[in-house]
Amino acid sequence: MDDFKSYTLKDKQKEDVVSLVKHELESRVEIIFSYIYGSFIESEMPFFRDIDIGVYVSKDIVLPDQFIDYTLSLSLEIESFLNRYPIDVVVMNDAPLTLLFKITQGRLLFAKNEDLWTDLVTKTWALYHDHNITSRDLLEQLIKA
């Protein structure tokens with residue numbers, strides 16, 4: 001049952017994979033910035049099941065209605081390139097707030113436009129924390145009622 005296959009790598013091997021992925025993604029004109037996140041880069045995790053990648057793309061090159069196809073295509077291309085580990089790509093442009101927050105807690109691979117990257121991270125973190133405070137306040141009010 002390959003659905004639950006897990007992998008382990010030493011830190012040096014992980015860095016080699018990160019370097020290969022970064023090089024591949026950075027060479028693509030449509031990708032403005034990229035993250036690697038999740039269990040693959042979490043040092044306290046003894047294993048990983050896939051490599052999670054977030055990419056922010058130029059909407060002039062990849063139209064919003066192409067995001068799903070682009071995600072699948074890029075995942076398969078990187079899997080083929082690495083020839084070993086499953087890849088899960090998320091287009092950050094239309095990702096939900098909680099997922100964007102998780103991605104931006106990961107490791108930035110590169111940013112071709114630092115202003116755009118900074119704006120996205122700043123807005124994501126502010127909205128996420130505002131949402132958490134509001135949600136917590138509402139929950140406390142419901143519990144007291």
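Details
- Restricted to region 99-124, and to residues there that are among the β-branched types (Val, Ile, Thr) and closer than 21 Å to residue 45 by Cα, the residue that is surrounded by the most Cβ atoms within 10 Å (Cβ to Cβ) is 103.
- Checked against (1) at pLDDT 95 or above; (2) loosely packed, with under 12 Cβ neighbours inside 10 Å, residue 83 passes all but a single condition, namely (1).
- Test for residue 94: is it modelled with pLDDT under 95, under 16 Å from the mean Cα position of the chain (by Cα), of a type in the set (D, E, K, R) and surrounded by 11 or more Cβ atoms within 10 Å (Cβ to Cβ): yes
- Residue among 22, 12 that is part of a helix (DSSP H, G or I), of a type outside the set (Asp, Glu) and surrounded by fewer than 12 Cβ atoms within 10 Å (Cβ to Cβ): 12
- Residues of region 25-35 that turn out to be among the hydroxyl-bearing types (Ser, Thr, Tyr) and not in a loop (DSSP other than H, G, I, E, B), as a count: 2
- Meets criteria (at pLDDT below 95 and of a type in the set (S, T, N, Q)) for residue 75: no
- Selection count, region 34-55, where residues are out of contact with any Leu (no Cβ under 7 Å at 6 or more places or on another chain) and either touching a residue at least 24 places away in the same chain (Cβ under 8 Å) or exposed (fewer than 11 other Cβ atoms within 10 Å of the Cβ) (or both): 15
- Test set (1) touching a residue at least 60 places away in the same chain (Cβ under 8 Å); (2) surrounded by fewer than 20 Cβ atoms within 10 Å (Cβ to Cβ); (3) under 11 Å from residue 90 (Cβ atoms) - residue 67 fails condition number: (1)
Results for (1) of a type in the set (Phe, Trp, Tyr); (2) more than 13 Å from residue 86 (Cα to Cα); (3) at pLDDT 95 or above, shown as yes or no for each residue.
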residue: 2; (1), (2), (3): no, no, no
residue: 6; (1), (2), (3): no, no, no
residue: 15; (1), (2), (3): no, yes, yes
residue: 22; (1), (2), (3): no, yes, yes
residue: 34; (1), (2), (3): no, yes, yes
residue: 43; (1), (2), (3): no, yes, no
residue: 46; (1), (2), (3): no, yes, no
residue: 50; (1), (2), (3): no, no, yes
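- Checked against (1) part of a loop (DSSP other than H, G, I, E, B); (2) out of contact with any Lys or Arg (no Cβ under 8 Å at 6 or more places or on another chain); (3) surrounded by 11 or more Cβ atoms within 10 Å (Cβ to Cβ); (4) touching a residue at least 24 places away in the same chain (Cβ under 8 Å), residue 17 passes all but a single condition, namely (1).
The values are calculated or read from the model by the stated rules, or taken from the named source; none is laboratory data. Because the structure is predicted, anything quoted here is derived from the model rather than measured. Every residue, glycine as well, gets a Cβ built from its backbone with ideal geometry; the counts of neighbours run over all protein chains shown.
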